[in-house]
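Below is one structure, written out as structure tokens; the observations come after it.
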Amino acid sequence: MSSQNLRAACADPASLFDRSDEELIHCVRKEFPQEFDRLRRACSIRDDPWTPPSTPSPSSILYRKDHDEVNRTLVGILALRWLHTGQYETFIGSQPSECQLTRASFDWIRQFYTKTITDADELFTLITSLVIKNLGKDPHFALDCRAKTGNDISALNHDAILLAACKASLVPSLAQLSEKNRDDVLRTIELGASFNFGQLAQAENAPVSLGGLRRLKDHEHSFRLRFMLQLIEVAGAAGHMDWTCAKRLTQPVFESYRAVYDACEGVIAGTLSVRNAYDMVLIRRGEALRQDGVRLFNIEKNPDDRALMRLFCMGNVTTNDKALLYEDAWRALEDPVRESLRDALNLDGKRGEPAVQPTYMPALLDRTPDVDYLVRTLCYLARVMNARDVEDPSALVIERSMYDVLEQVVDSKEFRNDPSLLEKVDVPDGVVVLNTAMV
């Protein structure tokens, strides 16, 4: 069995997932050598210092060196094994006790998996999708695409880069899939270039971004495959820090993705407008926070409440104490700043009035420990959301990536000592990621 390639091994999932961790990750890497070379080069945002497990990481087993995106991808594969075999205790591992994924939620994910992945080809397709999903984070990918097509796509987000690379036949593993499964994967990659489940769960994107979901009306399996892929990716998201469990797929995170799933289904079925679907995600977050004593928010009628709930989602606010911190910071903003941020956070995205998608803003908000930091961060976000340097009249959504700001400024010792430095940082250039021709 251990000598079989991955495709053949998927015909007997019980035997495949009965392998040791080391045998399983070697089997996956052997199937996708070029893809893993790209993952080794992938850009990565590091969290604060942590204490890693005493066991070797997946990438150190393969390469004798840690590569964050390799670890995240392979922990996603391990999480898939824990789901398949029902290893709930392993899955929750070192998750904080106060927010551990419940057994009922684990069972829901497992049932969703068994309904979505019903044969060997679909299992191989899911694993392939997980391996290729973040290839766009390899800075060489855009260069390779330019060399082949002549188009410079380096300013696009990594999902859009992946789509362009797939169209340029730079992802060899797609050729291994059946025509049906390849179409499913390409359809989900095309969706991911303008809409991301995680960005909706964190309220980074804008309501108009959900419009592309309507194209999946007759492709339910593509939608389910993409959502299953997203859950597995979240399960492995902290794999560079802890490769012993699905550390990031906690109960609050799962609840936010359940809300996203229901909202997306409503758009696909035509029973929800993109605005109502988006608000469903915000309302569900508010309902979850109410259980911890957070006040009632009127998402549908109060623009300040709606803007604050978007910030709660971006900042992963799950407790009353943290909600009060955000409300204190919101009130501390000067009136013109608060009003401009409120208005920008309430835009749906339309011709002549595009919405701004501040990518990596959740990671930036996650590094604000007190009101002073948070106020300055929100002032910067107001500038980001209101910058008007893109004059494309067809633009519906303009993306501004906070990646360089996070890496070069916010994670620096100078910023920790003096958060006012953010006032001098330029707003990142905007890139149109959704226009009238794409919806």
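The values are calculated or read from the model by the stated rules, or taken from the named source; none is laboratory data. Remember, predicted model here, so these are calculated numbers, not experimental data. Here the Cβ is made from the backbone with ideal geometry for all residues, glycine too, and neighbour counts use every protein chain on show.
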Do we have GLN111 as assigned by TED's automatic domain parsing to the domain that holds ARG40, out of contact with any Phe, Trp or Tyr (no Cβ under 9 Å at 6 or more places or on another chain) and surrounded by fewer than 18 Cβ atoms within 10 Å (Cβ to Cβ) here?
yes
Test of understanding: among GLY192, GLY212, which residue is touching a residue at least 60 places away in the same chain (Cβ under 8 Å), out of contact with any Pro (no Cβ under 9 Å at 6 or more places or on another chain) and in the same structural domain as LYS30 (by TED's automatic domain parsing)?
GLY212
The helices (runs of 4 or more DSSP H) lying wholly within the range 131-193 that contain at least 3 residues that are in contact with a Ser or Thr (Cβ under 7 Å, 6 or more places away or on another chain) are 179-192
Does at least one position in the range 143-151 carry a residue that is outside the structural domain of PRO354 (by TED's automatic domain parsing) and either among the basic types (Lys, Arg) or at pLDDT 95 or above (or both)?
yes
Could you say which residue among VAL384, VAL375, VAL337 is β-branched (Val, Ile, Thr), in a helix (DSSP H, G or I) and in contact with a strand residue (DSSP E or B) (Cβ under 8 Å, 6 or more places away or on another chain)?
VAL384
Those residues that are in a helix (DSSP H, G or I), out of contact with any helix residue (DSSP H, G or I) (no Cβ under 6 Å at 6 or more places or on another chain) and either in the same structural domain as SER154 (by TED's automatic domain parsing) or not acidic (Asp, Glu) (or both), I need them from the range 417-432; list them, please.
ASN417, SER420, LYS424
Any chance you could count how many residues in the range 262-278 are without any contact (Cβ under 8 Å) to a residue 60 or more places away in the chain and not in a loop (DSSP other than H, G, I, E, B)?
7
Residue, nearest to ASP335 (Cα to Cα), within the range 280-306, restricted to residues that are of a type in the set (A, V, I, L, M, F, W, C) and in a helix (DSSP H, G or I):
LEU282
If I filter the range 350-363 for residues that are in a helix (DSSP H, G or I) and in contact with a Pro (Cβ under 8 Å, 6 or more places away or on another chain), do I get at least one hit?
no
Within the range 417-435, how many residues are surrounded by 13 or more Cβ atoms within 10 Å (Cβ to Cβ) and either at pLDDT 90 or above or closer than 27 Å to GLU353 by Cβ (or both)?
12
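Among ALA263, ALA235, which is in the same structural domain as VAL131 (by TED's automatic domain parsing) and within 25 Å of THR319 (Cα to Cα)?
ALA235 is the lone residue from the list that is in the same structural domain as VAL131 (by TED's automatic domain parsing) and within 25 Å of THR319 (Cα to Cα).
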Here is a list: ARG342, ARG310. Which entry is part of a helix (DSSP H, G or I) and assigned by TED's automatic domain parsing to the domain that holds VAL397?
ARG342
Mind listing whichever residues of the range 211-255 are within 30 Å of ARG351 (Cβ to Cβ) and outside any loop (DSSP other than H, G, I, E, B)?
GLY211, GLY212, LEU213, ARG214, ARG215, LEU216, SER222, PHE223, ARG226, PHE227, GLN230
Of the candidates ASP159, ASP184, ASP242, the one satisfying the condition of being in the same structural domain as ARG46 (by TED's automatic domain parsing), among the charged types (D, E, K, R) and touching a His at 6+ places or on another chain (Cβ under 9 Å) is ASP184
Criterion: touching a residue at least 12 places away in the same chain (Cβ under 8 Å), more than 19 Å from ILE132 (Cα to Cα) and buried (at least 22 other Cβ atoms within 10 Å of the Cβ) - qualifying residue of LEU225, LEU200:
LEU200
When the range 101-152 is examined, which residues are found to be in contact (Cβ under 8 Å) with a residue 24 or more places away in the chain, farther than 29 Å from GLU89 by Cβ and touching a Cys at 6+ places or on another chain (Cβ under 9 Å)?
ASP121, ILE132, LYS137, ASP138, PRO139
Can you tell me which residue is modelled with the lowest pLDDT among those in the range 272-297 that are within 13 Å of VAL317 (Cβ to Cβ) and either surrounded by 14 or more Cβ atoms within 10 Å (Cβ to Cβ) or acidic (Asp, Glu) (or both)?
ASP292
